[in-house]
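Asker: This is the structure I have questions about; it appears just below.
The values are calculated or read from the model by the stated rules, or taken from the named source; none is laboratory data. Predicted model, so just to flag it, every value in this text is computed and none were measured. All Cβ positions, even for glycine, are placed from backbone atoms using ideal geometry, and neighbour counts span all protein chains on display. With ligands, DNA and RNA removed, areas are computed over all heavy atoms of the protein, side chains included. Shrake-Rupley method; radii C 1.70, N 1.55, O 1.52, S 1.80 Å.
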Amino acid sequence: MSEKKPGFFKRLFGGQVETPPPQPVKPDLGPIAPNHPISPEPPEPLTEDPIIEPSQVASVDEPSEHELPPEDDREPPSDSETPDDDFPPGPPETDPDYVDDLEDTPGPQPAPSAPAPAVEQPVEETKPRGSWFSRLASGLKRSSDQLGGSIAGIFTRRKLDDETLEDLEDVLIQADLGIDTATAITESLRRDRYERDVSAEDVRGVLAQEVEKVLKPVAQPLQIDTGQKPFIILMVGVNGTGKTTTIGKLTQKLTAEGRSVMMAAGDTFRAAAIEQLQVWGERTGTPVISKPAGSDASGLAYEAVERATAEKRDVLIIDTAGRLQNRDELMGELEKIIRVIKKLSPDAPHAVLLTLDATTGQNALSQVEIFGKRAGVTGLVMTKLDGTARGGILVAIANRFGLPVHFIGVGEGVDDLEPFSASDFARAIAGDTQA
Ligand SMILES: Nc1nc2c(ncn2[C@@H]2O[C@H](COP(=O)(O)OP(=O)(O)OP(=O)(O)O)[C@@H](O)[C@H]2O)c(=O)[nH]1
């Protein structure tokens, strides 16, 4: 944590750190609370003195009817992996009988606020920060280096002929840009420069142009409809993709804009996620609705909507447990959370944001497809673009689904999440590091 951190553009396109294939994600607080790592092991009771003000965090401490589910040790998916049947059971609401019962009963009443569990105050790191573009470029450097290196290898003193175009197409597909974009780029070069000398620089220029063309329509800011009080945002995604961290960063942005926000610790499956949100709550002066780990997430969402409505909050952001998109019962649980929210606010959730881990590669396409169908995803947040060689996947996703991309993340820090800019991303992935 003491390492000097380069700027954003530099981290997006400049990190030399080898990124291993997707690993089981260790829940930790990263830079939020660097001195207080949270163990990925089954949650231990917190023993330190409470630091969070009782008024800041609303903990709904009803005794759970259900056993605490086993800690979620599912691995994030890789391209080749398909989930097997060995996963531990999901939260209680994944039990169909339980789901039916809960849907038939009115939502639980909010319990009185109680002091939050003890969470150590986050320690803000002071690091030199570059511009967003420099940090973006730095983060995407592995992607751009890989692409740039391969392109340079193809176009060293070679005319643009069929063979070079085929080689280039292969390189672009391997960089996860998708067949359509790869073809668009090679066709553009064929049209304008066939049989002429072409430099790697020329090719990178065309790459940046074509990537920007694909990304421009999807680069849309997250619009908060002020007519909705609260504007309800549901955060969904596969395990460890950055939902909780993104909620914290987003809350920081929204509160800095003067909005009153409430967070709901709907990832009741992972104790660390609840604590993580509580840290963000303390940091941003935002109340966090929570229940003990293992509680029903739908009931919590219901209470959070009631509470945020009663308090006339501008925005309510609801976290959810990570789930693999092809675990049918877990996706059914997500649908149930949405149905329960609609009982109180028929048009809600007003935004369903899917977090995608850029290091996942091609599996992200299936995540967008299935979460889109089952949870009505309205926008995307791509995290962990720092240090991955697979940043091109965002282009393939944009091309295939056309869903708005609201934010991208290039690190764990609060200012490592920024609204998505098509031209910055295109320049960064093409290896243009000039801010
Ligand atoms: N390098 C990097 N790490 C990130 C980024 N966003 C989140 N992380 C880290 O990724 C890890 C998982 O993030 P979480 O926010 O806990 O993910 P989650 O989706 O809530 O996880 P589950 O609750 O298990 O589904 C944490 O260590 C974060 O600090 C990013 O943009 N870059």
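Asker: Whole angstrom only: what separates the Cα centroid of the range 257-289 from the Cα centroid of the range 298-377?
Answerer: The range 257-289 and the range 298-377 have Cα centres spaced 16 Å from each other.
Asker: Of all alpha-carbon pairs in the range 220-429, indicate the percentage at a distance above 20 angstrom.
Answerer: Working: 11587 of 21945 pairs.
Pairs farther apart than 20 Å: 53 percent.
Asker: Accessible area of THR226, 1.4 Å probe, to the nearest 10 Å²?
Answerer: Using a 1.4 Å probe on the heavy atoms, I get roughly 100 Å².
Asker: GluC sites (Glu not before Pro) within the range 156-195: which are DSSP loop residues with at most 10 other Cβ atoms inside 10 Å?
Answerer: Within the range 156-195, the qualifying GluC sites (Glu not before Pro) (loop, at most 10 other Cβ atoms within 10 Å) are GLU195.
Asker: Give me P(r) over the range 280-383, computed from all C-alpha to C-alpha distances, binned every 5 Å, as integer percentages.
Answerer: Histogram of Cα-Cα distances, whole percents per bin: 2, 11, 21, 22, 20, 14, 8, 2, 0.
Asker: Quote the relative contact order of the range 220-429 in percent (integer), defining contacts as alpha-carbon pairs under 8 Å separated by 6+ residues.
Answerer: Over the range 220-429, the number comes to 25 percent.
Asker: Carbon and sulfur together cover what percent of the accessible area of the range 232-298 at a 1.4 Å probe radius?
Answerer: 46 percent
Asker: Using the beta-carbon distance between ASP180 and GLU201 and R0 = 25 Å, what value does 1/(1 + (r/R0)^6) give for FRET efficiency, to the nearest 0.05?
Answerer: Working: r = 24 Å, r/R0 = 0.96.
Step by step, r from the Cβ atoms, then E = 0.55.
Asker: Within the range 213-298, report the GluC sites (Glu not before Pro) that DSSP leaves as loop and that have at most 16 other Cβ atoms within 10 Å.
Answerer: GLU257
Asker: Just read off the accessible area of PHE133 with the full protein assembly in place, 1.4 Å probe, to the nearest 10 Å².
Answerer: Answer for PHE133: close to 20 Å² accessible.
Asker: Run the quick spin-label model on ALA152 and ALA310: label points 7 Å from Cα toward the beta carbon, then report their separation in nm to one decimal.
Answerer: In this crude spin-label approximation the distance works out to 6.2 nm.
Asker: Subtracting the Cα-Cα distance from 0.36 nm times the residue separation, let me have the gained length for ASN326 to ASP145 in nm, one decimal.
Answerer: 61.8 nm
Asker: With +1 on the Cβ of every Lys and Arg and -1 on the Cβ of every Asp and Glu, and nothing else charged, how large is the dipole of the range 312-435 about its Cα centre, in debye rounded to the nearest 20? It would help to have the intermediate numbers written out before the result.
Answerer: Details: 14 positive and 16 negative charges, 122 e Å.
That gives a dipole near 580 debye.
Asker: Would you mind getting me the FRET efficiency between GLU257 and SER423? Use the beta-carbon distance for r and R0 = 35 Å, nearest 0.05.
Answerer: 0.90
Asker: Let me ask something additional. Given R₀ = 56 Å, what would the calculated FRET efficiency be for ASP161 paired with ASP415, taking r from the Cβ atoms and rounding to 0.05?
Answerer: On the way: r = 46 Å, r/R0 = 0.82.
In this case the efficiency is close to 0.75.
Asker: Would you calculate the separation in nanometres between label points at GLN220 and ASP192, each defined as 7 Å from the Cα along the Cα-to-beta-carbon direction?
Answerer: For the pair GLN220/ASP192, the computed spacing is 2.9 nm.
Asker: Tell me, what are the semi-axes, in whole angstrom and largest first, of the equivalent ellipsoid of the range 132-217 as set by the roots of 5 times the Cα gyration tensor eigenvalues?
Answerer: Equivalent-ellipsoid dimensions as semi-axes: 21, 15, 12 Å.
Asker: For the range 180-285, run through the trypsin sites (Lys or Arg not before Pro) and keep only the ones in DSSP coil with at most 14 other Cβ atoms within 10 Å of their Cβ.
Answerer: Taking the range 180-285 and a limit of 14 other Cβ atoms within 10 Å, the loop trypsin sites (Lys or Arg not before Pro) found are ARG196.
Asker: If you roll a 1.4 Å probe over the heavy atoms of the protein chains, what accessible area per residue do you get for the range 132-217, in Å²? Please list the in-between numbers first.
Answerer: Numbers: 4010 Å² over 86 residues.
Dividing the accessible area of the range 132-217 by its residue count gives 47 Å².
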